[in-house]
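The values are calculated or read from the model by the stated rules, or taken from the named source; none is laboratory data. It should be emphasised that the depicted structure is a prediction, and the values quoted were computed from it without experimental measurement. Heads up, the Cβs are rebuilt from the backbone with ideal geometry, glycines too, and the neighbour counts pull from every protein chain shown. The area values use the complete protein model at the heavy-atom level, side chains included, leaving out ligands, DNA and RNA. Shrake-Rupley method; radii C 1.70, N 1.55, O 1.52, S 1.80 Å.
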Amino acid sequence: ETSVRPKATGDLTVYYPADGSAGTESTKTWSNVQMRAKEGMVIVKASRAIVQDSAINVADDAGRDIVRAIAKVEDRSLFLADGSGVANNYIPGVQGILNIIADTATSSRVYESTGTSALGVTLSDVIATMALPGAYVGLNPAFHCSPQIGAATLLRLATGVGGVTAREVAGFGLVQTFLGVPIIYNNVMTTNLAVASDLPLLVYGDISLAADFGDRMGVSVEISEQRYWDENNIGIKGTVRHDILVHGCGTTSSTTTTGPLAVLHTAS
């Protein structure tokens, strides 16, 4: 029901004692990351006659829709959640990355673009955003955005760089890259290409260092012949027990700890 793991918050220190003197003790500090499984459920009612007569397997199609719906809830929770839970299609109690990394005048984790839309983002804006995350051993960064924003910013910039070909800046394959960094698309972040102030366009950094995802049992899909029996229908149920905890985004002040993530915004 509850999963707790230790998280290192401080490293050991190397001292240089004088000859014949005792060494100084060094202590590593820890905190706890705790997640609690929340059970989500999707129930679909399907006509028994349609199931029997359809050219496609309706149950299989419903199962794929259930898995897709659960995946979208997880993506929305990771990036957008504000703690409001199921009312806005989030996992209960989750605070998402873009809710935690809010734009403030002193934020060390937000870079404001010189442009007021995705189409106005410059290469310098992207590089400045890439410079914001703190120094982490084994940092494995990626860009996270919607396909529309990726095309309007990263891919647009890749084709406009002089002196090198677009392929040297962006890899056009199964996983696209920009400046050697993977671009991971999602369908929950903004797709707005119009002029808009303070609009978060993309997240850059290593999410694995900033958030934990707990999945207790995966997605389970079951079919009931008894549910809706009197209506000559069947019930298809999907369940999942999961949780997301965003715990390592640093702090907002530019004078304190930066995290492994940064966000590129349009200009205020």
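Can you pull the percent of the chain's accessible area that's carbon plus sulfur, 1.4 Å probe, other chains left in place?
53 percent
Taking only the alpha carbons of the chain, what extent do you get along each of the three principal axes, in Å, biggest first?
85, 56, 33
Return one whole number: the accessible area per residue of region 1-41 in Å², for a 1.4 Å probe. Let's see the in-between values first.
Working: 3370 Å² over 41 residues.
I get 82 Å² per residue for this part.
So which aspartates and glutamates can residue 38 reach, going by Cα to Cα under 17 Å and dropping same-chain residues fewer than 8 places off?
Excluding near neighbours in sequence, the set is 1, 74, 75, 82, 212, 215, 243.
May I ask you to evaluate 6.51 cos²θ - 1.76 cosθ + 1.60, the Karplus curve with θ = phi - 60°, for each residue of region 5-21 and list the ³J(HN,Hα) values in order in whole Hz, giving x for glycine and proline?
Karplus values, whole Hz, x for Gly and Pro: 10, x, 10, 5, 10, x, 9, 6, 10, 8, 10, 10, x, 5, 4, x, 9.
Please list, or write none, the aspartates and glutamates whose alpha carbon is within less than 20 Å of the alpha carbon of residue 28, excluding same-chain residues fewer than 8 places away.
Result set, ordered by chain and number: 11.
Which of the GluC sites (Glu not before Pro) found in region 1-85 are loop residues per DSSP with 15 or fewer other Cβ atoms within 10 Å of their Cβ?
Sites meeting the loop and neighbour criteria: 1, 25.
Cut-off under 19 Å on the C-alpha distance; same-chain residues fewer than 8 positions from residue 45 excluded. Which aspartates and glutamates are left, in chain and number order?
Within the straight-line cut-off, residue 45 pairs with 53, 60, 61, 65, 222, 225, 230, 231.
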